[in-house]
1. Once you sort the root eigenvalues of the Cα gyration tensor of segment 31-74 as a ≥ b ≥ c, which label holds: rounded (a/c under 1.5), prolate (a/b larger than b/c) or oblate (the other case)?
2. Quick one: Karplus J couplings for segment 18-27, per residue in order, coefficients 6.51, -1.76, 1.60, θ = phi - 60°, nearest Hz, x for Gly and Pro?
3. Compute a Gaussian network model of the chain, connecting alpha carbons closer than 10 Å, and tell me which residue from 24, 13, 56 fluctuates the most.
4. Report the full-extension gain for the segment residue 11 to residue 61: residue separation times 0.36 nm, less the Cα-Cα distance, to one decimal in nm.
5. Among 40, 58, 14, flag the residue with its Cα farthest along the positive direction of the charge dipole of the chain, charges on Cβ as +1 for Lys/Arg and -1 for Asp/Glu.
6. Between residue 3 and residue 30, what is the label-to-label distance in nm when each label sits 7 Å out along the Cα-to-Cβ direction?
7. If you place +1 on the Cβ of every Lys and Arg, -1 on the Cβ of every Asp and Glu, and leave all else neutral, what size is the dipole of the chain about its Cα centre, to the nearest 20 Debye?
Amino acid sequence: MVRTPLSPAQVAAGRRLGAALRAARGARTLDDVARTAGISPETLRKIETGRLPSPAFGTIVGLSDALGLPLGTLADVWRPANAVAS
């Protein structure tokens, strides 16, 4: 099965998400946050650097919990500035 390439908008959304997660992590180590979220440090590294711009929902839930960020906040980061939430 071949995965459909992500659009430029999806790649940009992934970069925004990664930057927001990096900022929320603050002084905490990548290993600590990844362990708390139940993911590998390499997965978190890929998300934070934009190399994994479309992480699984469960991964985002784990990161939301680990960082104390509401899921809605992460969803707002993901959406383009001109998008309207339904």
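1. Working: a/c = 1.81, a/b = 1.16, b/c = 1.56.
Because a/c hits 1.5 or more and a/b fails to exceed b/c, segment 31-74 counts as oblate.
2. Couplings: x, 5, 5, 5, 4, 5, 5, 5, x, 7 Hz.
3. The residue that fluctuates most here is 56.
4. On the way: separation 50, 0.36 × 50 = 18.00 nm, distance 1.97 nm.
Gain on stretching residue 11 to residue 61: 16.0 nm.
5. 14
6. Taking the two extended label points, one gets 1.8 nm.
7. Working: 11 positive and 6 negative charges, 49 e Å.
Its charge dipole is roughly 240 debye.
Read the figures in this text as sums done on the coordinates, not as results from a lab. Because the structure is predicted, anything quoted here is derived from the model rather than measured. Because the Cβ atoms are built from the backbone with ideal geometry, glycine has one as well, and the counts that use them run over all protein chains shown.
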